[in-house]
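Peer 1: Quick one: this structure, given as structure tokens, is what I'll be asking you about.
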Amino acid sequence: MGKRLACAAQVALPLDVETSATPAGLAGSDTDSAGEASLRRYDWTAVESQLDRQGWGLLPRLLDAAQCQQIAAMYDEAAHFRSRIQMQRHAFGRGEYQYFAYPLPALLQALRTALYARLQPVAEQWRQQFTSTAPPWPAQHAALLAQCHAAGQLRPTPLLLRYGADDYNCLHQDLYGALVFPLQVIVLLSQPGEDFDGGELVLTEQRPRMQSRAQVLPLQRGDAAIIAVRERPVQGTRGSYRVQHRHGVSTVLRGQRHTLGIVFHDAE
Ligand SMILES: O=C(O)CCC(=O)C(=O)O
Ligand SMILES: [Fe+2]
């Protein structure tokens, strides 16, 4: 099971409930180009500058209401998933989520591939700013997955989360192994104020020797948040330094909230 770095310390790894069946996912090149087409309408220079300045960026209405509904409904179809995690059992919070199995549903596969291609230049710029000795991030997501698989990170990380009243998600980082692509995407599938109240996505940032700052991300149904997985570089007077990030969800006060999480590296 992958490592999810919880509130302050690394916690015990959750036990997977393996599911045997796999869904019939269609991930053809037509779907992949549809994924690219849906991203073309965004101003990526603006998104990149949001990511650099605040560690998160927004893609308003990445999915329409029907697509949100379609993905949220998968939660009850066990064949889509490889494991189910009850957050309370692992002190991750309260509520539950499921990891998708390969092959991913076509829409999700297309989004993961197309989003990676758009985010790779940001990751690459961050890598260079960190003056890291790590190798460059490959341009294609398939090449990143090949690297993950060679490193023993074989299991798909995209997940579907379901929260009811009183559920919440502790501050954490989605690491899952040594190979960590620095950006991830969270799509809100439910409408705040209608489907649920409360349940805000929170991102904290911690600068060296400073107290943590919290940012609440303003999401509507279908909006995607791109967030830093672990850290981002900030330019200081004497070179770049690392700002640490964690994310979580405040308590849901009423109703039901679904989110789709897209992590680009696979899990140990
Ligand atoms: O439900 C949310 O908004 C957060 C989901 C999450 O932690 C993730 O996708 O990694
Ligand atoms: Fe997460």
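The values are calculated or read from the model by the stated rules, or taken from the named source; none is laboratory data. A quick note: this is a predicted structure, and the numbers were derived from the prediction, not measured. With ideal geometry, Cβ positions are generated from the backbone for all residues, glycine too; neighbour counts draw on all protein chains shown.
Peer 1: Residues that are out of contact with any His (no Cβ under 9 Å at 6 or more places or on another chain) and either buried (at least 21 other Cβ atoms within 10 Å of the Cβ) or of a type in the set (S, T, N, Q) (or both): does region 143-150 have at least one?
Peer 2: Start the filter on region 143-150 by keeping residues that are out of contact with any His (no Cβ under 9 Å at 6 or more places or on another chain), which leaves 143, 146, 149-150.
Imposing the further condition that a residue be either buried (at least 21 other Cβ atoms within 10 Å of the Cβ) or of a type in the set (S, T, N, Q) (or both) reduces the set to none.
No, region 143-150 contains no residue that is out of contact with any His (no Cβ under 9 Å at 6 or more places or on another chain) and either buried (at least 21 other Cβ atoms within 10 Å of the Cβ) or of a type in the set (S, T, N, Q) (or both).
Peer 1: Exactly one condition in (1) surrounded by fewer than 15 Cβ atoms within 10 Å (Cβ to Cβ); (2) modelled with pLDDT under 95; (3) of a type outside the set (D, E, K, R) is not met by PHE130; state its number.
Peer 2: Only one criterion is unmet by PHE130, namely (1).
For (1) of a type outside the set (Ser, Thr, Tyr); (2) away from ligand 1 (no atom under 13 Å from the Cβ); (3) buried (at least 21 other Cβ atoms within 10 Å of the Cβ), each residue gets a yes or a no:
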| site | (1), (2), (3) |
| --- | --- |
| ALA139 | yes, yes, no |
| ASN169 | yes, no, yes |
| GLN173 | yes, no, no |
| ILE186 | yes, no, yes |
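Peer 1: Can TYR168 be described as under 30 Å from SER250 (Cα atoms), among the aromatic types (Phe, Trp, Tyr), under 14 Å from the mean Cα position of the chain (by Cα) and modelled with pLDDT of 95 or more? Lay out the reasoning, then the answer.
Peer 2: Working: under 30 Å from SER250 (Cα atoms): yes; among the aromatic types (Phe, Trp, Tyr): yes; under 14 Å from the mean Cα position of the chain (by Cα): no; modelled with pLDDT of 95 or more: yes.
It is false that TYR168 is under 30 Å from SER250 (Cα atoms), among the aromatic types (Phe, Trp, Tyr), under 14 Å from the mean Cα position of the chain (by Cα) and modelled with pLDDT of 95 or more.
Peer 1: Same structure again: Regarding region 135-149, can at least one residue be identified that is farther than 27 Å from SER33 by Cα and out of contact with any strand residue (DSSP E or B) (no Cβ under 7 Å at 6 or more places or on another chain)? Spell out the reasoning first.
Peer 2: Kept after step one, since they are farther than 27 Å from SER33 by Cα, are these residues of region 135-149: 135.
Subsequent filtering for residues that are out of contact with any strand residue (DSSP E or B) (no Cβ under 7 Å at 6 or more places or on another chain) retains 135.
Yes, region 135-149 contains at least one residue that is farther than 27 Å from SER33 by Cα and out of contact with any strand residue (DSSP E or B) (no Cβ under 7 Å at 6 or more places or on another chain).
Every residue, every condition in (1) charged (D, E, K, R); (2) within 16 Å of ligand 1 (Cβ to nearest atom); (3) in contact (Cβ under 8 Å) with a residue 12 or more places away in the chain; (4) in contact with a helix residue (DSSP H, G or I) (Cβ under 7 Å, 6 or more places away or on another chain), yes or no:
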site	(1), (2), (3), (4)
ARG213	yes, no, no, no
ALA224	no, yes, yes, no
ILE227	no, yes, yes, no
ARG246	yes, yes, yes, no
THR251	no, yes, yes, no
GLY255	no, yes, yes, no
PHE264	no, yes, yes, yes
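Peer 1: Does GLY193 count as free of Cβ contacts under 8 Å to residues at least 12 places away in the same chain and either away from ligand 2 (no atom under 16 Å from the Cβ) or touching a helix residue (DSSP H, G or I) at 6+ places or on another chain (Cβ under 6 Å) (or both)?
Peer 2: On the way: free of Cβ contacts under 8 Å to residues at least 12 places away in the same chain: yes; either away from ligand 2 (no atom under 16 Å from the Cβ) or touching a helix residue (DSSP H, G or I) at 6+ places or on another chain (Cβ under 6 Å) (or both): yes.
Answer is yes for this residue.
Peer 1: While we're on this one: Looking only at region 209-256, which residues are among the polar types (S, T, N, Q) and either in a strand (DSSP E or B) or more than 28 Å from ARG118 (Cβ to Cβ) (or both)?
Peer 2: Filtering region 209-256 down to residues among the polar types (S, T, N, Q) leaves 211-212, 215, 220, 235, 237, 240, 244, 250-251, 256.
Selection gives GLN211, SER212, GLN215, GLN235, THR237, SER240, GLN244, SER250, THR251, GLN256.
Peer 1: Of everything in region 94-116, what is assigned to a helix (DSSP H, G or I), surrounded by fewer than 23 Cβ atoms within 10 Å (Cβ to Cβ) and among the hydrophobic types (A, V, I, L, M, F, W, C)? Give them in sequence order.
Peer 2: Once the filter is applied, which keeps residues that are assigned to a helix (DSSP H, G or I), surrounded by fewer than 23 Cβ atoms within 10 Å (Cβ to Cβ) and among the hydrophobic types (A, V, I, L, M, F, W, C), region 94-116 yields ALA106, LEU107, ALA114.
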